[in-house]
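**Q** Here it is, the structure, as structure tokens.
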Amino acid sequence: MLKKNPISRADFLVGALFINVVFILLGVGSTWSYNSYSSYLLDIVHSQRSLLVFQRQQTALLFVWVAIPSIVIIVNIEIAFVRLLKKPVPALLAQVQKIAAWIMFLGIALVVFGNQLVNPIWAKTFSEAGYSRCDTVILRANKQFFNDAWVLNPEDCYDPMLKQILHENHSRLGFEKGARYLEQKHAFLQDRNIHQGSQ
């Protein structure tokens, strides 16, 4: 039988470094993703595109940094004392770990449910820009729970062609296609009304 070599201190240090880097990259990636999504939404609002599909859960990424430092503190204390020094965690640091654990659970809860705190602010932004939220099933039923469709013209919530476009492609490409369709439709209707008015 092969004898397993005991894990060295260097291995624990490499492992700790790896864990720290992973969590920091997770935080940076989540922050970048939230900022990118926010910019995308604000561009649509400022451009007054005819359609905006809001993915409600995306905004919870804002809260990732509540949990990450707590996880890093807990893991580093554990590795430093229990794995490297082979000693029990000092009472003061054990208290720090307990507090960090509570903050970590709060952070995880915010990542899951925190969008409820942020989304009303986005809804106000959309409303003030002239958008109306569709209460119709314009999106696919399995997407309706986590997404809202907002339009500049409330009648578009009942447009069967828009519904078909969004059912076929629930992605930014599909949203863009839906917005272009609405803009072309309204441009056509406007031209027709102008021609009818001039006759």
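The values are calculated or read from the model by the stated rules, or taken from the named source; none is laboratory data. All of these numbers come straight from a predicted model, not from anything done at the bench. Note: areas computed on protein heavy atoms with side chains; ligands, DNA, RNA excluded. Shrake-Rupley method; radii C 1.70, N 1.55, O 1.52, S 1.80 Å.
**Q** Viscosity 0.890 mPa s, temperature 25 °C: give me the Stokes-Einstein translational D for the stretch 138-199 in µm²/s, with Rh taken as the Kirkwood radius over C-alpha pairs. Please list the in-between numbers first.
**A** Values: Rh = 12.7 Å.
Taking Rh from Cα pairs, D becomes 193 µm²/s.
**Q** So, one more: For the stretch 17-77, what is the largest minus smallest coordinate of the Cα atoms on each principal axis, given in angstrom and ordered from greatest to least?
**A** 52, 16, 12
**Q** Could I ask something else about it? With everything on Cα atoms, drop me the angle between helix 115-128 and the longest principal axis of the chain, reported from 0 to 90° to the nearest 10.
**A** Roughly 30 degrees, rounded to the nearest 10.
**Q** Ranked by accessible surface with a 1.4 Å probe, highest first, in what order do Phe18, Phe54, Phe146 come? Write out the running numbers ahead of the final one.
**A** Details: Phe18 135, Phe54 5, Phe146 100 Å².
Ranked list, largest accessible area first: Phe18, Phe146, Phe54.
**Q** With all pairs of different alpha carbon atoms counted, what Kirkwood hydrodynamic radius in Å does the chain show? Walk me through the numbers on the way to the answer.
**A** Values: mean 1/r = 0.0484 Å⁻¹.
After inverting the pairwise mean of 1/r, the radius is 20.6 Å.
**Q** For the stretch 9-193, with every protein chain kept in place, what is the accessible area per residue (1.4 Å probe, Å²)?
**A** Ligands and nucleic acids excluded, the result is 59 Å² per residue.
**Q** Still on this structure: Normalised by the number of residues in the chain, what is the relative contact order in percent for Cα pairs under 8 Å and 6+ residues apart? Show your work: numbers first, answer last.
**A** On the way: 189 pairs, mean separation 48.0, N = 199.
It rounds to 24 percent for the chain.
**Q** Can you send over the carbon and sulfur percentage of the accessible area for the stretch 9-193, probe radius 1.4 Å, protein chains only? Working shown, then result.
**A** On the way: 7300 of 10890 Å².
Carbon and sulfur atoms account for 67 percent of the accessible area of the stretch 9-193.
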